[in-house]
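First up is the structure itself, then whatever we jot down about it.
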Amino acid sequence: MACKPLALIITGILLTPNFASADVDISKSESDQAAEKAAKELANPNTAYASLNLKLQYSGGYDGGGDSFATVLQPTLPFPMDNGDKLIFRPAISYVQNDFHMDSPTRSQHMDQSGVTDISFDLAYAPKMEGGTIVAFGLFASLPTGSNDLTADQFAIGPEFMFGKASSERVVGMFPNHLYGVSGDGADHSDTRINKTSTQVFWVEILGGGWTVGSAPTFSYDWNKDQAEVPLNISVTKTTVLNGRPWKFGIEANYYIEKDEKTRPDFMLSFNISPVVENKLASLFD
C-alpha cells in the first residue's frame, strides 16, 4: 500500500487551480478554440502539456471465467528546455482487483487478488524537430513495489525509442521498448526474469471540435514464455474546457487475437479521464 500515499502526493502537487504554466490562454468565448488546440496537443505523445491520466480498465473473457478491474494513475510530466527540447517523465501506478480462474491441464487456480502492482515509468528525451517529426529516446523501467502476490520481485530496465509524424489532421508513429530484469529475487532465475519486448503503434485522426478517433495497440513478446500478445485497439476521445481547464475524456477497447490463454483476458474496456494540469515540478529545473 506504499503507492497510495505516492498517488495522493502526485495528485496534490499537480492538481492546482493555476493553469497559467500550460501556455493555454482560456476564456469563455475561446473555450472551443482552446479545446481544439488541447485535443491536437494531447494527441501528440511528445506533448508540452502536463496531464494527469486516470484509466478505469475492465477485463473479461478469461478462459476459466471471471474478470478483473484496474485503476491506473499515469501522469505525463514534460520538462521543457530553453532550446525547445523536452524531458518527459511518465510514471504509472496501478491498483488491480482480480477475480478469475487460471486453468491448466491439471488444475484450475482461482486468482482472487487485490492490491498495487509494480510501479513502472519511462523517462524520455525529446529533441525539438521540424515539420511535425516526433522523436524521443530514453529508458523504461519497473520497480518491485507491488503487493506480495502482484509483484515481479525485481528491478527491470531497458531502452525505448519513439518515431512518428504529427500534422493538423493526424498523428502516427511507433514506440518500441524492451524490458529486462537486472536485480532482485525474481531476476535470479531465467524462468521468472522479465525479458519482454513491446511496441506500441499509434494512429490518431483529429476530427475537429475536440474529437479524435484512433488506434494504439501494444504488441508484445515474452521471450521466456515464447508468447506473443496481439490486441486490436480502438479509442474515441473528446476534449472540452471545464472551468478554464482542458479535460480529455475517452473510451478505449482491446480485443486480443493472440495471448497467453491461461492468464490473459479476451477483451479490455477502459474509460479514461485526462485533465491538463500545471507541472509545478518543472519550476525546480528553472
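The values are calculated or read from the model by the stated rules, or taken from the named source; none is laboratory data. Here the structure is a predicted model, which means the values were calculated and not measured. Quick reminder, even Gly has a Cβ in these numbers, built from the backbone with ideal geometry, and neighbours come from all protein chains shown.
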Query raised in the report: Among all residue pairs at least 6 apart or on different chains, which show Cβ distances below 6 Å where the first residue, located in the range 117-139, is over 20 Å from residue 74 (Cβ atoms) and the second is buried (at least 19 other Cβ atoms within 10 Å of the Cβ) and of a type in the set (Gly, Ala, Ser)?
Result: 132/166
Requested in this report: Go through the range 89-116 and give me each residue that's aliphatic (A, V, I, L, M), touching a residue at least 60 places away in the same chain (Cβ under 8 Å) and either over 24 Å from residue 262 (Cα atoms) or not in a strand (DSSP E or B) (or both).
Outcome: 93
**Report entry** Selected residue (only one of 141, 166 is farther than 22 Å from residue 231 by Cα and touching a Lys or Arg at 6+ places or on another chain (Cβ under 9 Å))
**Finding:** 166
Query raised in the report: Which of the following residues is touching a Pro at 6+ places or on another chain (Cβ under 7 Å), of a type in the set (Val, Ile, Thr) and under 25 Å from residue 68 (Cβ atoms): 199, 237?
Result: 199
Report summary line: Exactly one of 258, 252 is more than 19 Å from residue 73 (Cβ to Cβ) and acidic (Asp, Glu), and that one is 258
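Conditions (1) over 19 Å from residue 200 (Cβ atoms); (2) of a type in the set (Val, Ile, Thr), marked per residue:
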site: 48; (1), (2): yes, no
site: 55; (1), (2): no, no
site: 60; (1), (2): yes, no
site: 70; (1), (2): no, no
site: 76; (1), (2): no, yes
site: 81; (1), (2): yes, no
site: 85; (1), (2): yes, no
site: 95; (1), (2): yes, no
site: 100; (1), (2): yes, no
Requested in this report: Can you confirm whether the range 27-34 contains a residue that is at pLDDT 60 or above, farther than 26 Å from residue 146 by Cβ, aliphatic (A, V, I, L, M) and surrounded by 19 or more Cβ atoms within 10 Å (Cβ to Cβ)?
Outcome: yes
Report task. Would you check which residues across the range 129-149 are over 22 Å from residue 170 (Cα atoms) and part of a strand (DSSP E or B) and list them? Result -> 138, 139, 140, 141, 142, 143
Query raised in the report: Got a number for residues in the range 101-140 being under 16 Å from residue 162 (Cα atoms) and of a type in the set (A, V, I, L, M)?
Result: 8
Query raised in the report: Which ones in the range 156-165 are buried (at least 19 other Cβ atoms within 10 Å of the Cβ) and without any contact (Cβ under 8 Å) to a residue 60 or more places away in the chain?
Result: 156, 158, 160
Report summary line: Among (1) at pLDDT below 95; (2) within 14 Å of residue 98 (Cα to Cα); (3) surrounded by fewer than 18 Cβ atoms within 10 Å (Cβ to Cβ); (4) not aliphatic (A, V, I, L, M), residue 84 falls short only on (2)
